[in-house]
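The values are calculated or read from the model by the stated rules, or taken from the named source; none is laboratory data. These numbers were taken from a predicted model, which means no experiment stands behind them. Don't worry about glycine lacking a Cβ; one is built from the backbone with ideal geometry, like all the others, and counts go over all protein chains shown.
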Amino acid sequence: MIWFPYEQMKTMKAPYKIIDAEGVYLYTEDQKLIDSVSSWWSVIHGYKHPELNQAIETQLKKFAHVMLGGLTHESARKLSDKLQSWLPGDLDYCFFSDSGSVAVEVALKMALQYYMNREEMQRTMVLALEHAYHGDTFKTMEVGDDEDYHFVLKAYGESKNVVHIPTEIAALEQAFAEYHDRLNCFIVEPLLQGAGGMRMYDVSFLKRARELCDQYDVLLVFDEVATGFGRTGNRFVTDLVLPDILVLGKALTGGYIGHAVTVANRKVYEGFFDDAPSHALMHGPTFMSNALACSAALKSIEIFESQDYMGKIRKIEEITRREMEGFSDPRIKEIRMMGACVCIEVYDPGTIKGYQKFAYDRGVFSRPFLNYLYAMVPYVIQEEELVKVLNTMKHRCTRGTNEIK
C-alpha cells in the first residue's frame, strides 16, 4: 500500500484520486479542480504542457537516463551551460541531484568540506533561520526549525552545530559577532519561508547578511527550491543579493520530474579543484542529470523566458492585491502577499478546519496547514480562475466554524 507523506495513516482521510490533469486543472471522477498550490509549488506551466511533453518524448527516443559517473550527455551539458549564462555573477558550477532536499544536503556538505579542504577544522557550525524548512533528510532537518516536521530529531538532543536566529538584523549581527570563526555557512530561504508559515521578510536582511559573510569569510547559501523561478516576484532572489551557493529544484523542470541543482561560485569550486583526491566532492546521486529531467528543465526555462513569465507573475500579484487588500475578519491575524504567493494566517487553526473539502466542493484544490491558508498558483492561471481561488479562501475565512465540517 502507499504510505502517504505528512499523514497519520491510521486517521487520514482518503486522498482525492486524480484521473487527468491539464492546464491549471486536476480532474477527479466527479470534480474539476483548480490546483491552487501547483503540486507543492512546482507546476508553474500547468499540466500536460505540449512543449514540455514534446521535449521529454524527443529525449525518450534517444535514452531516458545514463549515470553521470564516467559518462555525460548533451542535455546535461546544455542545462549546465544555460544555468551558467542565466544566473548572475559567477554562479557557474552545477552539481545536479534528484530532489531539493538532496540538493540542500549537497550545499551543506560543500560548505563544510570547503573549509575542511583549507584545514579550518573549527568551522563546523551553520547559521540558519527560525521557522526554516530545507527538507526532510537528516542534515536539512537539523538546519530546519519546525517541530511539526522535524520532531524526530529530539531523539538526538539539541544540535551543537546549528544556530537559529529570527529575520532581524540585530540578531544577525549578534550571531556573527559570537560565532563567525566557527561558521561555515549561513543558509536561508530568501525573502519567503515556505513550509515555516509563508513568512516574508525584507531584502535589507539579506544584504546585511552578504556584508557579514564577506567580512567574516562565511559562505552564504540561498535555498531557492521554493522561491526560485519567480515565486517572490523576482526571477530569483539571487538577482538581488548574490550568494556563494544557490539551490534550485521544484519548478526547475516545470514540475514534470524530480530534479535539482546546487550551483556554486568560482571561489567554492576552486576550493575543491586540487591534485589531492581527498579534496574532491565525494557525492553522487544515482539520477543526477537524468536526461529526461534535463530536457524538461531546458524547455521549462525556454518557456519561462520566451513567454514573459515575469509579466504573468506581476499580473498575478496585481490581481491578488486588488482582491485581498482591505479584506479582513477578526479571525484573521495577517494576510501576506509577495509575487505569486498569498497567505492568510488565522489565530485559531479551527478557523480553517475542513477547508480542503470546502474548496473541493467549489472546484479548488488546496492544502492548508496549521493556521495557514495559502495559494501558490501555476503562472498560466487566468484572471477569473485566480479570482475564484481567492474568493474561496476569503469565503471560508468569513464563515462560522460550525458551518463547515
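Overview of values
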| item | result |
| --- | --- |
| Helices (runs of 4 or more DSSP H) wholly inside the stretch 13-95 containing at least 2 residues that are aromatic (Phe, Trp, Tyr) and modelled with pLDDT of 95 or more | 38-41 |
| So Asn117, is it touching a Gly at 6+ places or on another chain (Cβ under 9 Å) and either exposed (fewer than 14 other Cβ atoms within 10 Å of the Cβ) or in the same structural domain as His283 (by TED's automatic domain parsing) (or both) | yes |
| Count of the stretch 132-150 residues which are buried (at least 18 other Cβ atoms within 10 Å of the Cβ) and either at pLDDT 90 or above or touching an Asp or Glu at 6+ places or on another chain (Cβ under 6 Å) (or both) | 11 |
| Residues of the stretch 354-376 classified as surrounded by fewer than 22 Cβ atoms within 10 Å (Cβ to Cβ) and of a type in the set (S, T, N, Q), total | 2 |
| Hits in the stretch 356-394 - residues which are under 21 Å from Thr28 (Cβ atoms) and at pLDDT below 95 | none |
| Answer from Thr392, Thr351 - the residue that is surrounded by 15 or more Cβ atoms within 10 Å (Cβ to Cβ), of a type in the set (Ser, Thr, Tyr) and in contact with a Gly (Cβ under 9 Å, 6 or more places away or on another chain) | Thr392 |
| Restricting the stretch 377-389 to residues that are surrounded by fewer than 23 Cβ atoms within 10 Å (Cβ to Cβ) and in a loop (DSSP other than H, G, I, E, B), the residue that is nearest to the chain's Cα centre (by Cα) | Val380 |
| Selection status of Leu252, touching a residue at least 60 places away in the same chain (Cβ under 8 Å), aliphatic (A, V, I, L, M) and part of a helix (DSSP H, G or I) | no |
| Filter pass, Met337 being in the same structural domain as Glu74 (by TED's automatic domain parsing) and surrounded by 13 or more Cβ atoms within 10 Å (Cβ to Cβ) | no |
| Given (1) under 19 Å from the mean Cα position of the chain (by Cα); (2) farther than 27 Å from Trp40 by Cα; (3) among the hydroxyl-bearing types (Ser, Thr, Tyr), number of the condition Tyr156 does not satisfy | (1) |
| Within the stretch 177-191, tally of residues that are touching a residue at least 40 places away in the same chain (Cβ under 8 Å), out of contact with any helix residue (DSSP H, G or I) (no Cβ under 6 Å at 6 or more places or on another chain) and more than 18 Å from Thr140 (Cβ to Cβ) | 3 |
| Complete set of residues in the stretch 1-58 that are under 22 Å from the mean Cα position of the chain (by Cα) and either more than 25 Å from Ser295 (Cβ to Cβ) or aromatic (Phe, Trp, Tyr) (or both) | Phe4, Pro5, Tyr6, Glu7, Tyr25, Ile34, Ser36, Val37, Trp40, Trp41, Tyr47 |
| Candidate set from the stretch 215-249 (those that are in a helix (DSSP H, G or I) and touching a residue at least 40 places away in the same chain (Cβ under 8 Å)); member that is nearest to Phe272 (Cα to Cα) | Tyr216 |
| Unique match (being closer than 19 Å to Pro368 by Cβ and more than 21 Å from the chain's Cα centre (by Cα)) among Ile332, Ile319 | Ile332 |
| Filter pass, Glu105 being acidic (Asp, Glu) and either over 30 Å from Tyr133 (Cβ atoms) or out of contact with any Lys or Arg (no Cβ under 6 Å at 6 or more places or on another chain) (or both) | no |
| Subset of the stretch 70-101 that is hydrophobic (A, V, I, L, M, F, W, C) and out of contact with any Leu (no Cβ under 9 Å at 6 or more places or on another chain) - its residue that is nearest to Ala297 (Cα to Cα) | Trp86 |
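The rows are residues; the columns are (1) among the charged types (D, E, K, R); (2) crowded, with 23+ Cβ neighbours inside 10 Å; (3) not assigned by TED's automatic domain parsing to the domain that holds Leu91.
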position	(1), (2), (3)
Val152	no, no, no
Tyr179	no, no, no
Arg182	yes, no, no
Ile187	no, yes, no
Asp223	yes, yes, no
Thr238	no, no, no
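Matching residues to (1) under 27 Å from Thr137 (Cβ atoms); (2) touching a Lys or Arg at 6+ places or on another chain (Cβ under 6 Å); (3) not β-branched (Val, Ile, Thr):
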residue	(1), (2), (3)
Asn265	yes, no, yes
Met282	yes, no, yes
Ala293	yes, no, yes
Glu302	no, no, yes
Gly311	no, no, yes
Thr320	no, no, no
Lys333	no, no, yes
